[in-house]
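Accompanying notes for the structure given below.
All of the numbers you see were taken from the coordinates with simple rules; none came from a lab. Nothing here was measured: the structure is a model prediction, and the numbers come from that model. Note that we place each Cβ from the backbone using ideal geometry, even for glycine, and neighbour counts take in every protein chain shown.
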Amino acid sequence: MSIIGDLIHNSRKIVIKIGSNVLSDDDGFINKDSLRNIVEQIMGLIREGKQVIIVSSGAGICGVATINKWSRRSDINYKQALCAIGQVELMNAYKEFFDKYDIHVGQMLLTREDFGDHIRTLNIRNALFTLVDEGVVPIINENDSVSVEEIKIGDNDTLGALTANLWNADLLIVMSDIDGVYNKDPKGNKDAELIEEVYDTDSLLAEIDSRGKSNFGTGGIVTKIHAARMVNEYGIPMLLINGKRKDVLTEIVEGVQKGTIFFSQWRQCK
């Protein structure tokens, strides 16, 4: 078994962040086949006795898919309204696929203020533990319908890291539309090489070419590295993989697919 395979095998509490690009097709609409496959893979982890929390983007694309006539509206009111509509559609999709396995899902919509207030943080933690202990899969997203700049977390990579730290997870898995971190932008450089293990996020940020953001997501590769640094500070590793690949978690464990794993520096010294 690979290093990543061992890590997943030995992790009991796993936070999985799923990016908008993973859940969308080429036209920016929700890809239910991709979501169905991800749920199947998560169920595989649950059958192995693991506890899973999902941090999911996708409310915006679900909103556009539902009311496409608003898709070109650029003002904040319409964007927030689309997210309000899309969040319902997103949760319905998760509910539909988890229902097939008799698994309930629970929704939590959060803002930056929720993580900055001791009482709110305690309530989030208690709710998460209760849901997970009762066999319910929590699905977390930023509350985009009410978030303004002052209370906005900014991206779900950061939200995934905050959740992993709050829950004291064993592993954070970030599903994006790339195989991992490269030494160059792989979309424009054929000679880009995948970096499979990272122990120093600060050096990586200084060395890699971090240009470009995804078409439908709000976070580029830099936000993912910052998320890794956040969880590494708590001793939690982060795995970045290509969630658009079918059965990627299974193939990662088997060593068929690769990703980038971020470890704390202290692990390298052991």
- Residue-wise, which Karplus ³J(HN,Hα) couplings in Hz belong to segment 127-139, taking 6.51 cos²θ - 1.76 cosθ + 1.60, θ = phi - 60°, and x for glycine or proline? 5, 4, 4, 5, 4, 5, 4, 8, x, 9, 8, x, 10
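For the chain, with only Lys/Arg (+1) and Asp/Glu (-1) charged at the beta-carbon, what is the dipole magnitude about the Cα centre, in debye rounded to 20?
With Lys and Arg at +1 and Asp and Glu at -1, about 240 debye.
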- Item | the chain - mean residue ellipticity at 222 nm from DSSP helices (-39,500 (n - 2.57) per run, n ≥ 4, rounded to 500) | -13500 deg cm²/dmol
- segment 54-123: chymotrypsin sites (Phe, Trp or Tyr not before Pro) falling in loop per DSSP and having at most 15 other Cβ within 10 Å: 101
- Task: Determine by what factor the alpha-carbon radius of gyration of segment 3-269 differs from 2.2 N^0.38 Å, reporting the quotient.
- Result: 0.95
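Show me the GluC sites (Glu not before Pro) within segment 9-109 that DSSP assigns to loop and that have at most 12 other Cβ atoms within 10 Å of their Cβ.
Answer by residue number: 48.
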- Message: Could you give the length gained by full extension between residue 190 and residue 125, i.e. 0.36 nm per residue of separation minus their alpha carbon distance, to one decimal place?
- Response: 19.0 nm
- Message: 5 Å is the cut-off here: which amide hydrogens, built 1.01 Å from N in the peptide plane, fall below it relative to residue 110, excluding neighbours closer than 5 in sequence?
- Response: 141, 142, 143
- Other-chain or far-sequence residues with amide H under 5 Å of residue 182's (modelled H): 195
- At 1.306 mPa s and 10 °C, Stokes diffusion of segment 1-69 via Kirkwood alpha-carbon radius, µm² per second: 118
- Would you kindly derive the ³J(HN,Hα) couplings of segment 10-22 from the backbone phi angles with the Karplus curve 6.51 cos²θ - 1.76 cosθ + 1.60 (θ = phi - 60°), listing them in order in whole Hz, with x for Gly and Pro? 8, 8, 9, 10, 10, 9, 10, 9, 10, x, 4, 5, 5
- Message: If I stretch the segment between residue 75 and residue 206 completely, what's the gain in nm (0.36 nm per residue apart, minus their alpha carbon distance), one decimal?
- Response: 43.7 nm
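Tally the DSSP beta bridges in the chain and give the antiparallel ones as a percent, rounded to 5. Please report the intermediate quantities before stating the final value.
Numbers: 6 of 32 bridges.
Restricted to the chain, the bridges split so that about 20 percent are antiparallel.
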- Item | Dipole of the chain, positive end: most advanced residue of 77, 130, 109 [Cβ charges, Cα centre] | 77
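When 118, 104, 226 are ordered from fewest to most other Cβ atoms inside 10 Å of their Cβ, what list results?
Taking fewest neighbouring Cβ atoms as first place, the list is 118, 104, 226.
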- Item | Furthest towards positive pole of dipole, 173, 140, 67, structure part segment 3-269, Cβ charges | 67
- Message: Assuming 0.36 nm per residue, please report the length gained on full extension of the stretch residue 6 to residue 250 beyond their Cα-Cα distance.
- Response: 86.6 nm
- Task: Kindly write out, for segment 186-202 in residue order, the coupling ³J(HN,Hα) from the Karplus curve 6.51 cos²θ - 1.76 cosθ + 1.60 (θ = phi - 60°), rounded to whole Hz, with x marking Gly and Pro.
- Result: x, 6, x, 9, 5, 8, 5, 10, 6, 9, 7, 9, 10, 10, 9, 5, 5
- Per its Cα gyration tensor (rounded if a/c is under 1.5, else prolate when a/b beats b/c, else oblate), segment 77-189 is best filed as rounded
